[in-house]
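See below for the structure under consideration.
The values are calculated or read from the model by the stated rules, or taken from the named source; none is laboratory data. As the structure is a prediction and not an experimental result, all values here were calculated from the model. Neighbour counts run over all protein chains shown; Cβ positions are idealised from the backbone, glycine included. Accessible surface areas use protein heavy atoms only, side chains included; no ligands, DNA or RNA. Shrake-Rupley method; radii C 1.70, N 1.55, O 1.52, S 1.80 Å.
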Amino acid sequence: TLGHTAGDRLLQLAAERIRSALRAGDTCARLGGDEFTVLLAPLEQPEQAETVAQKLLDLLRQPFELERERVFVGASIGITLFPDDGREAGDLMKHADQAMYQAKALGRNRFCYFTATLQQQAQRHLALTQDLREALPRRELQLHYQPVVRLVNAQVVKLEALLRWPHPQHGQVPPQEFVPLAEQSGLIHPLGDWVFERATRDMIELSQRLGRLLPVNINKSPRQFLAGQTELRWPRWLEGLGLPAEAVTIEITEGRPEVVARIHALAQAGFRLSLDDFGTGYSAMAYLKRFPIREIKIDRSFVRDMTVDLADRAIVEAIVVMAHRLGLEVVAEGVETEAQAALLRAVGCDYAQGWLFGRPQALAELEAH
Ligand code: C2E
Ligand code: MG
Ligand code: MG
């Protein structure tokens, strides 16, 4: 619409951007019209193609400055893998083309795989990631709250905020599926801020309803510490609400050396720190020494079998003893039966959380205890 000269200039600028995302050995060619082909060779892992594709999308989404105009174009990308999807150049081109049309059909500014297996999973993740981008502005995300009770009298002492995403087409998408997608795409930062702000505002509302302040536990992904420092704004936000930082516990699962300072900063700002999923892969004993942790949450997997498995029972008991010797509080996660609760009481566990005491619920459904 702006004439041939502008069109040619746009193609050149686009080509430069594409090239800037590639390594020296990669190939980029314009096959005709507005279509480019990129050859990534060699690929160590197929997932690298995805990283490059995302980079290209991000680059091409930025406006182009032509002589008199500023234009937005965007891109749709089809990915095909040699030799899985074809050994001949012709087949690969055809499959990449089909995948590209799929990308266009799904709404542009995205990439699609040709491979049937990869395609299905990646497609869903991709679609969900794109949808997640819209979920915040569309107010689709919700927080549910699960009570944490004192084991001796089942009194609710605080709540854990848990994200919920009722997807308009797919129904409830579990946080275990979309939180990792948010982490990979960087969406975890706005999302994490939203969780923090929503949860603390909800606390105010709830305290007015109950006549007492119920502290809240908020989950923070390790990835949230790796970039962005929005939590530096959190103390001021709390001040604005008139909430003490003490009333907010941040649950962490991991503390790689590069985020140590950030986690300490949270503690210095007055937040309580909780070590979530304790006893599983990431939640290591060393963190107890490295961070000013105030509470440990025993992972559900130990609680689940402790009534039948002596080893699990011993582990739970040992965690409780250790925590108390360190001056920490202990929360048992995923308590579903009275038998589990009784055993936890017997080993001196302080708090519990689980379906026996209450499922995660929307704020409006929380009853006054
Ligand atoms: P988590 O922090 O360990 O949360 C506890 C999970 O156990 C929740 O799953 C909760 O619904 C579930 N649960 C609680 N009681 C029971 C029980 O008695 N039985 C069983 N089977 N499950 C129980 P949910 O809500 O699906 O969340 C899964 C994970 O997603 C959370 O594990 C947390 O790691 C992550 N997540 C949830 N919300 C957020 C969030 O706001 N931010 C971040 N970064 N991660 C979140
Ligand atoms: Mg948690
Ligand atoms: Mg947990």
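Based on the Cβ-Cβ distance from residue 290 to residue 229, what FRET efficiency comes out when R0 is 25 Å, to the nearest 0.05?
The value I calculate is 0.80.
Lys/Arg Cβ at +1, Asp/Glu Cβ at -1, dipole of the chain taken about the Cα centre: which of 191, 22, 11 is farthest positive-ward?
Farthest towards the positive end: 191.
Between 252, 79, 298, which gets the highest mean-square fluctuation from a Gaussian network model of the chain, Cα cutoff 10 Å?
Residue with maximal mean-square fluctuation among 252, 79, 298: 79.
Would you calculate the separation in nanometres between label points at residue 208 and residue 138, each defined as 7 Å from the Cα along the Cα-to-beta-carbon direction?
3.0 nm
If you roll a 1.4 Å probe over the heavy atoms of the protein chains, what accessible area per residue do you get for the chain, in Å²?
53 Å²
Find out how many positive minus negative residues lie around residue 156, taking Lys and Arg as positive, Asp and Glu as negative, among other residues whose Cβ is under 12 Å from that of residue 156.
+1
In the neighborhood of residue 197, defined by Cβ-to-Cβ distances under 14 Å, what is the net charge if each Lys or Arg adds +1 and each Asp or Glu adds -1?
Spelling it out: positives minus negatives among the neighbours equals +1.
How far is helix 175-185 tilted off the main Cα axis of the chain, in degrees rounded to 10, range 0 to 90?
Approximately 50 degrees, to the nearest 10.
Can you tell me the dipole magnitude for the chain around its Cα centre, using point charges on the Cβ only (Lys, Arg +1; Asp, Glu -1), in Debye to the nearest 20? If you can, show how the numbers build up before the last one.
On the way: 42 positive and 48 negative charges, 164 e Å.
Here the chain has a charge dipole of around 780 debye.
Dipole magnitude of the range 1-84 about its Cα centre, charges +1 at Lys/Arg Cβ and -1 at Asp/Glu Cβ only, in debye to the nearest 20?
260 debye
Taking the Cα centre of the range 281-369 as origin and charging only Cβ (+1 Lys, Arg; -1 Asp, Glu), how large is the dipole, in debye to the nearest 20?
Using only the charged Cβ atoms, the result is roughly 420 debye.
Lys/Arg Cβ at +1, Asp/Glu Cβ at -1, dipole of the chain taken about the Cα centre: which of 45, 279, 151 is farthest positive-ward?
Looking along the dipole axis, the top candidate is 151.
Which percent of the accessible area of the chain is formed by carbon and sulfur heavy atoms (probe 1.4 angstrom)?
Accessible surface attributable to carbon and sulfur in the chain totals 52 percent.
Net charge near residue 210: determine it from the other residues with C-beta under 13 Å of the C-beta of residue 210, scoring Lys and Arg +1 and Asp and Glu -1. Intermediate values should be presented prior to the final figure.
Numbers: positive: 158, 209, 212; negative: 202, 205, 367.
Every neighbour counted, the sum reads 0.
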